[in-house]
Each structure stands twice: as C-alpha cells, then as structure tokens.
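The values are calculated or read from the model by the stated rules, or taken from the named source; none is laboratory data. From a predicted model like this one, the values you see are computed outputs, not experimental measurements. Counting neighbours? That spans all protein chains shown, and the Cβs are built from the backbone with ideal geometry, glycine included.
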There are 2 protein chains.
Amino acid sequence: MLGNIKICPGYRFAGVHCGLKAGDALDLALLLSDCPAVAAAVFTKNRFPAAPVLYGRKQLVEGHNLSAVLINSGNANACTGHQGEIDVMTVAEILAAALNLSREQIFVSSTGVIGEPFPVTTVLKGIETLVSELEGEVAKAKALEAAARAIMTTDKLPKVVGIEVKTSQGLVTLTGIAKGAGMIHPDMATMLAYLLTDAEIDRQVWQAMLQRVVDKSFNRISVDGDMSTNDTVLALANGVSGCSLTSPSDLDVLENGLLQIARDLAKMIVKDGEGATKVVEITVAGASKVAEAEKICRAVANSALVKTAFFGQDANWGRIIAAVGYAGVEIKPELVNISFNQVRVVSGGVRDPGYREEDGAAVLRLPEFTVKIDLQSGEDEFTLLTSDLTHEYVSINADYRS
Amino acid sequence: MLGNIKICPGYRFAGVHCGLKAGDALDLALLLSDCPAVAAAVFTKNRFPAAPVLYGRKQLVEGHNLSAVLINSGNANACTGHQGEIDVMTVAEILAAALNLSREQIFVSSTGVIGEPFPVTTVLKGIETLVSELEGEVAKAKALEAAARAIMTTDKLPKVVGIEVKTSQGLVTLTGIAKGAGMIHPDMATMLAYLLTDAEIDRQVWQAMLQRVVDKSFNRISVDGDMSTNDTVLALANGVSGCSLTSPSDLDVLENGLLQIARDLAKMIVKDGEGATKVVEITVAGASKVAEAEKICRAVANSALVKTAFFGQDANWGRIIAAVGYAGVEIKPELVNISFNQVRVVSGGVRDPGYREEDGAAVLRLPEFTVKIDLQSGEDEFTLLTSDLTHEYVSINADYRS
C-alpha cells in the first residue's frame with residue numbers, strides 16, 4: 001500500500017498485536033532509530049494530560065536524545081493517577097532493557113479509552129513480541145505500515161507519508177505516520193503523529209521548526225471540537241544521512257518538507273475523521289486581525305448545524321451566516337460575501353442575486369470543496385480543514401466502548 | 001392538552017396556516033392583549049440579527065406599549081437585507097390596520113430558514129385569516145395551543161405553561177409559550193418565547209426582571225452550541241388583573257413565577273431538542289469563580305463526544321474529563337470528583353475505587369439524570385441543562401431544507 005512513499009533511512013519499525021484491542025488487531029508499535037535522535041515535540045494543552053504525556057514532556061525538557069518510541073492503542077493511560085505514571089516508567093524501563101538502551105532514550109505514547117487502568121502486563125508481553133519482530137524478515141515498508149496500523153483507534157486507514165528533499169548537503173528523507181479519527185480539534189486532539197528525518201539539526205532549531213509546522217498543519221484541522229488528553233506530535237532527527245543542516249536555505253528546505261508531510265497527514269486525519277464523508281476547507285478572509293479570522297473560522301468549522309448541512313449536501317448558507325454571527329467578533333454584516341468553490345452565494349450579507357440553488361448544491365455534492373467567507377474589512381485571513389457530521393459519527397461515538 | 005395550565009386573562013390567541021409551511025401545518029400566530037401592555041424583551045446577540053429582531057429592538061428602545069404579537073414559522077426573515085426590514089414594517093402596518101391599532105403597538109417575530117426572501121404576500125393573506133379566527137368561536141385554551149403550534153419549526157410538541165401566583169394585591173396569572181428545537185444554545189438560540197401576565201408593573205422593573213430570569217433559564221440550556229439570528233424572549237404585562245405590583249415582596253412573587261414558567265419552558269425545549277432522548281443537568285461545583293464553573297460547564301455540555309456517549313448510554317466519564325481539561329480553566333486534576341446522580345464515578349481525578357461500571361450504566365439508562373463535577377477549589381458553581389446528540393439530530397439537520 002505504501003507505493004512510492006519514501007522511508008527514512010536509519011529507522012526500523014514494528015507493529016504487533018499484544019491484546020489491548022479485540023481480535024488480532026495490531027495495537028503496539030515501535031519506532032527505532034539506529035542512533036540517538038535529536039527530538040522535538042508538541043503536546044496537548046488539555047489540563048488532564050495523560051501519564052505518557054507527563055513523561056514525554058519531562059523527556060523533552062531534560063533534552064534527551066531518543067532512540068525508541070513505543071506507542072499503544074486501546075488504552076490512553078489517562079486519568080490513571082500515580083499508578084499510570086509508574087506504568088509508563090515500567091514499560092520504558094523494560095523496553096530499554098530489551099533494546100540495550102537507557103530508559104531516558106525511550107519515548108512512550110498511548111491512545112484509546114480514558115480512565116481505564118493501564119494493562120501493563122499485557123504491554124510488557126507485547127514488548128517481547130515487538131522486539132523479536134524487529135529481528136525478523138519483515139520488509140521495512142511492511143513494518144512501517146504495521147506500526148501505522150498499530151496506533152489506530154477508530155481510524156479506518158493507516159496514515160503514512162514519506163518524501164525526499166534536496167539540500168545543499170545532499171538528499172534528506174522525511175517520513176511520518178499519524179492517527180486521528182475522534183476528538184480532532186485544533187490545538188491538538190486524540191492525535192498522534194511521528195515525523196522522522198535522517199537530517200542532522202540543532203535541537204532548538206528543530207523544536208522551533210516543529211512548533212511552526214504544527215501550527216500550520218495539525219492545529220488547522222477540526223473534526224468535532226474535542227481536544228484529547230493524549231495528543232502528541234514527536235519529531236526525530238537522527239542525522240544518519242550525514243547532511244548537517246545549518247544554513248537558512250537548507251533549513252527552509254527541511255521546514256517546507258516537514259510542513260508538507262504534516263499537512264498531508266493532517267488532511268488524511270480529516271478525511272478519515274469519524275464517519276466523515278466530506279473534507280471542507282474553510283477560509284475567512286478580509287479580516288482586520290488574524291485572531292478574528294481564526295475565531296470566525298473555528299466557529300463555522302465546529303458548528304454542528306453547518307457540519308450536518310455539509311453531510312446533507314445542503315447549501316444552507318444561513319447556518320454559516322449564523323455561525324459567523326455568533327463567533328463573538330464585531331463584523332459588518334452588510335459587507336460579508338460567501339462562496340462555495342467558485343460559486344458566489346452571499347454578497348453584502350444577503351443572497352447573491354445571481355445565485356442559483358442548483359449551483360450551490362452541485363458544489364456540496366463534491367467530496368472536497370472550499371467555503372470562503374470574505375468580511376471585506378481588512379487583509380488578514382485564516383484557513384481550517386473540517387469534515388461533516390454524520391450518522392456514522394454518532395454511531396461510532398455512541399458505541400465506542402461497547 | 002393544556003390540562004390545568006392557567007391562561008392569562010386579558011389576552012386572546014390565534015394560530016392558522018397561511019402557506020409558509022408544507023401541508024396544512026400551522027405557521028402564523030397572533031397574541032393579542034386587550035389593552036396596551038408594558039413590554040420587556042431580550043434578543044439574540046448574533047451579529048446577523050434578523051429583520052424582525054432589528055425592528056423589535058427599536059420598538060423596545062422607543063418604549064412603546066404593545067398590543068399584538070405576530071409570529072411566523074417557516075421563514076426567519078434573516079439575511080434578507082433592507083427588503084426584509086421593509087417587509088417587517090409592511091406586515092406590522094397591515095396587522096395594525098386590521099386590528100385598529102397603531103403600527104407601534106405591533107411586535108413581530110419570525111423563525112425558520114435563514115436567507116430566503118420573506119414571502120410577504122403569503123403572510124398578509126394569513127393576517128386576514130388570523131383576525132377572522134379571533135372573532136370565531138375557538139375556545140381560548142384551543143386558540144393558545146394553536147398559537148404555540150404555529151411557532152414550531154422542528155419542535156415535536158407545542159410548549160405552553162401557565163400558573164397563578166398570589167400577591168398582596170390578589171391573584172396574578174403568568175402564561176408562556178415557546179419554541180426551540182435546533183440551534184439551542186445559551187445566550188439565546190433559535191428560540192422564541194412569549195411570557196404574558198395580567199399584572200401591572202413598571203417598565204424598567206419588568207425589563208430588569210426579565211433579564212435576570214432569562215439568565216437563569218433560557219441562557220442555561222444547550223442543545224447544539226449554535227446561536228441563531230432570531231432568538232427573542234418577549235414579556236408583556238397588561239395590568240388587567242388590577243394588581244399593581246410595586247412592593248419588594250410582590251415583585252419577588254412575580255419574579256419567582258416568571259422564573260418558574262421560563263424554566264419550565266426551557267426544560268421543555270431541551271427535552272424536545274432535535275432528536276434528543278436524554279435531558280442531562282450538568283453542574284460544575286467547587287469552582288473559585290462562577291465564570292470558570294460556567295466555562296467548564298459549557299465545554300462539557302457542548303462536547304459532541306460527551307453528548308454521543310449520553311445517547312449511547314455509555315458512562316464514558318473519560319470524555320467528560322477531557323472536556324473539563326480543554327475548557328481553558330486552570331484546575332487541579334487530582335482534586336476533581338465526578339458523580340452521575342448519586343453514583344461517585346471519579347474521585348481525585350481517577351476512577352473511584354468503589355465505582356462499578358453497572359452502577360454508572362444504570363444512571364445513563366434513565367431519561368433524565370445529573371452530572372456533577374466538583375473541582376474542590378472554591379465555593380462557586382454553575383448549572384446547565386443539555387441533551388444528547390443522536391442519529392435523529394443528524395437526520396433532521398442534514399435534511400432540514402429538503
């Protein structure tokens with residue numbers, strides 16, 4: 001399935017079933033770097049951070065280079081108190097011992113149900129299987145896909161991207177995997193993403209670059225407005241390419257590459273949002289401040305009424321207007337224009353005289369389209385990707401734990 | 001159907017079909033006071049206020065006593081620009097002429113689809129029918145119910161309440177009708193409510209009383225987090241009881257009565273929320289500020305994941321924790337307790353040791369229950385009523401205009 005996705009040299013992968021998910025679904029993933037990698041990370045801002053998030057933040061603050069990432073699905077290890085923190089430490093210790101690394105080199109993520117005790121013995125047994133898998137014959141592309149599958153919760157498809165970029169020092173590879181599905185929201189959600197490169201880069205530069213990239217990619221998507229306790233984006237740079245990137249132009253090349261894979265993963269997350277049938281790009285333009293454009297954009301993207309209208313393929317622009325109106329931003333209603341793709345629907349706050357319902361409906365039938373809201377009050381704008389709200393979303397989330 | 005609902009003396013009612021809704025569904029209502037009534041009102045804060053809201057605000061600012069209220073469903077007269085405003089004026093003029101009143105005594109409300117041109121001729125014809133209906137033989141209770149039905153959109157049931165309260169001046173009656181269903185949100189939604197009394201009261205006192213009552217009733221409910229362009233609560237006091245209320249104790253009696261009918265209507269709105277199968281009272285207690293309790297309460301009540309879990313009768317407290325955590329309030333996770341009715345689910349931020357899944361599940365199966373979140377960090381609290389998010393909500397809103 002990976003086609004021409006570039007797999008970053010100097011990393012190995014594994015994904016196995018250890019018993020956290022039903023049946024034989026993969027539920028434990030390992031990403032292993034051949035040498036300690038410079039790490040950067042962005043975590044959820046939720047006030048109930050899960051135990052692995054607390055652990056990971058500490059790892060990053062202490063500035064450890066990382067060699068291995070263990071990720072389980074099926075249990076979030078969130079709201080598990082002190083025991084949850086001990087459990088993270090335990091799995092990190094055991095994995096380190098199995099791989100002949102130090103505990104500080106291990107990063108841990110969990111995703112799944114919140115508030116269940118963490119099944120630490122199940123995971124410990126899984127670690128054995130994982131490590132033996134690494135020594136097996138599985139082709140790298142297959143192993144990467146297995147890892148991407150093992151981190152899925154209600155995702156339908158694994159999310160993997162990989163590209164090469166050309167620097168003055170030579171070719172550098174960027175590979176990423178992610179999981180999304182529910183609780184997707186700007187400012188990070190039940191979203192895990194791992195971005196790997198074989199470039200060599202300074203730690204502070206790498207962290208600042210990741211933060212900018214996350215703000216323009218994963219923080220610009222919204223599925224249901226919820227923000228989870230476990231969201232994490234981790235970026236590793238192990239330098240095995242021998243390309244040490246320091247010049248502004250090389251760093252630009254790397255940042256653009258990182259942004260590309262992050263945006264691709266973010267879009268895959270929206271597309272595979274729980275029950276989603278549409279991917280809609282919402283742009284608010286002509287604002288006098290970016291923050292105001294963003295506020296309106298998020299109000300529209302999170303409106304249950306707007307999202308059900310997208311699902312119903314109903315060009316119900318009145319609901320968009322209502323959301324613009326309650327976003328809490330002072331606007332001039334009589335200046336507002338709205339278009340669906342190229343079709344002008346609203347001009348000056350009222351239905352455009354030339355607008356025909358069938359033109360709007362034709363856009364809404366597309367699997368992907370844009371909604372542009374022009375406030376005509378300034379030069380600033382903001383864009384988000386969102387999905388529709390469907391019966392399947394309700395089914396998935398009404399039955400998630402049963 | 002009205003049972004022992006008290007109908008306020010000195011008012012007449014009518015509800016007819018004029019052709020705004022399909023079939024022969026009632027779509028035009030008239031509330032008529034025998035004499036000009038002191039008026040108070042609270043309107044939507046949406047930045048795209050509908051034409052009748054603009055008109056109504058002006059009426060209130062100018063301090064006119066009101067004699068008649070015309071309400072149509074089927075078309076919101078919102079985002080209809082200058083023509084929409086002319087149309088409100090036209091129907092007010094025509095109704096005034098038909099009833100031998102001045103235009104200033106007429107209040108107008110609309111609810112329905114946003115952005116469609118207002119079908120003014122259809123409404124004008126409807127006014128004739130309405131007025132002839134008033135002169136007919138329809139019993140008052142039946143006429144009141146017809147009016148309550150004529151203002152419905154996706155509501156399944158008309159919402160009517162009526163009580164008597166005892167003042168030092170004698171008995172006073174309070175009667176109210178409302179519509180809700182979609183776009184229900186604190187700070188007013190696609191919600192219309194008309195509260196009538198035969199007491200006599202000073203205009204300013206009446207306005208201040210209504211604002212307090214709305215804050216504690218209609219602004220404490222949430223169905224889907226949307227806020228419409230048309231929300232209006234109008235309160236009329238025509239004084240025909242002869243009870244002029246001025247003493248603090250009499251005003252208290254009236255305010256308590258007004259709050260009771262407003263809360264009853266608000267609860268009916270949540271119960272009849274689009275597709276709702278549950279009414280859930282969410283309380284955030286132990287906060288150090290009311291505003292913080294409110295912020296958390298609204299985050300939980302508006303979470304799509306929490307609301308689908310209610311629908312699935314799933315005691316998924318992890319989603320509640322997640323919403324508490326992303327509400328943007330500094331909290332101490334290790335102090336947070338959560339109960340469903342009397343069942344303690346979370347203690348100190350983790351699952352209560354004595355909690356059994358079947359106890360939580362038993363509460364979630366009830367049609368009404370409470371969720372109490374205790375932050376244990378202060379004395380302040382906030383309560384909201386909300387509903388669940390269901391397949392039917394999606395169906396209703398995906399197909400609303402088709």
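Taking the stretch A:94-133 as the region of interest, how many residues are over 22 Å from A:Phe13 (Cβ atoms) and of a type outside the set (S, T, N, Q)? Break it down into steps so the answer makes sense when it comes.
Taking the stretch A:94-133 as the starting set, the residues that turn out to be over 22 Å from A:Phe13 (Cβ atoms) are A:113-121.
Filter once more, keeping what is of a type outside the set (S, T, N, Q): A:113-120.
So the answer is 8.
Among the residues of the stretch A:333-345, none qualifies, meaning not one is touching an Asp or Glu at 6+ places or on another chain (Cβ under 6 Å), under 24 Å from B:Leu305 (Cα atoms) and either buried (at least 21 other Cβ atoms within 10 Å of the Cβ) or not hydrophobic (A, V, I, L, M, F, W, C) (or both). The residue pairs whose first member lies in the stretch A:104-126 and is more than 14 Å from chain B (Cβ to nearest Cβ) and of a type outside the set (Ser, Thr, Tyr), whose second member is crowded, with 24+ Cβ neighbours inside 10 Å and assigned to a loop (DSSP other than H, G, I, E, B), and whose beta carbons are closer than 8 Å, counting only pairs six or more residues apart or on different chains, are A:Gly126/A:Asp27.
Checking each residue in the stretch B:19-31 for being crowded, with 22+ Cβ neighbours inside 10 Å and either in contact with a Ser or Thr (Cβ under 9 Å, 6 or more places away or on another chain) or not assigned by TED's automatic domain parsing to the domain that holds B:Ser110 (or both) picks out B:Leu20, B:Leu26, B:Asp27, B:Leu28, B:Ala29. Test of understanding: among B:Ala193, B:Ala199, B:Ala262, B:Ala266, which residue is more than 28 Å from B:Ser339 (Cβ to Cβ), assigned by TED's automatic domain parsing to the domain that holds B:Phe107 and under 13 Å from the mean Cα position of the chain (by Cα)? Result of the check over B:Ala193, B:Ala199, B:Ala262, B:Ala266: B:Ala193.
No other residue among B:Asn230, B:Asn219 is assigned to a helix (DSSP H, G or I) and not aromatic (Phe, Trp, Tyr) apart from B:Asn219. Each residue in the stretch B:272-308 was checked for being farther than 14 Å from B:Thr370 by Cα and not in a loop (DSSP other than H, G, I, E, B), and 15 of them qualify. Being crowded, with 24+ Cβ neighbours inside 10 Å and among the hydrophobic types (A, V, I, L, M, F, W, C) is not true of A:Leu157. Of the residues making up the stretch A:321-341, those that are under 21 Å from A:Ala301 (Cβ atoms) and either of a type outside the set (A, V, I, L, M) or in a strand (DSSP E or B) (or both) are A:Gly325, A:Tyr326, A:Gly328, A:Glu330, A:Pro333, A:Asn337, A:Ile338, A:Ser339, A:Phe340, A:Asn341.
Here is a yes/no grid of residues against (1) more than 30 Å from A:Ile320 (Cβ to Cβ); (2) modelled with pLDDT under 90; (3) more than 7 Å from every other protein chain (Cβ to nearest Cβ):
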{"residue": "B:Asn316", "(1), (2), (3)": "yes, yes, no"}
{"residue": "B:Val336", "(1), (2), (3)": "yes, no, yes"}
{"residue": "B:Arg356", "(1), (2), (3)": "yes, no, yes"}
{"residue": "B:Asp359", "(1), (2), (3)": "yes, no, yes"}
{"residue": "B:Thr370", "(1), (2), (3)": "yes, no, yes"}
{"residue": "B:Ser387", "(1), (2), (3)": "no, yes, yes"}
{"residue": "B:Asn397", "(1), (2), (3)": "no, yes, no"}
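Taking the options B:Pro9, B:Pro49, name whichever one is closer than 30 Å to B:Glu255 by Cβ and away from chain A (no Cβ under 14 Å).
Going through B:Pro9, B:Pro49 in turn, the sole match is B:Pro9.
Would it be correct to say that A:Ser347 is in contact with a strand residue (DSSP E or B) (Cβ under 7 Å, 6 or more places away or on another chain) and touching a residue at least 60 places away in the same chain (Cβ under 8 Å)? Considered against the rule, which asks whether it is in contact with a strand residue (DSSP E or B) (Cβ under 7 Å, 6 or more places away or on another chain) and touching a residue at least 60 places away in the same chain (Cβ under 8 Å), A:Ser347 comes out as no. The residue list A:Ala68, A:Ala41, A:Ala29 contains one member that is more than 24 Å from A:Lys140 (Cα to Cα), aliphatic (A, V, I, L, M), touching a strand residue (DSSP E or B) at 6+ places or on another chain (Cβ under 8 Å) and more than 14 Å from chain B (Cβ to nearest Cβ), which is A:Ala41.
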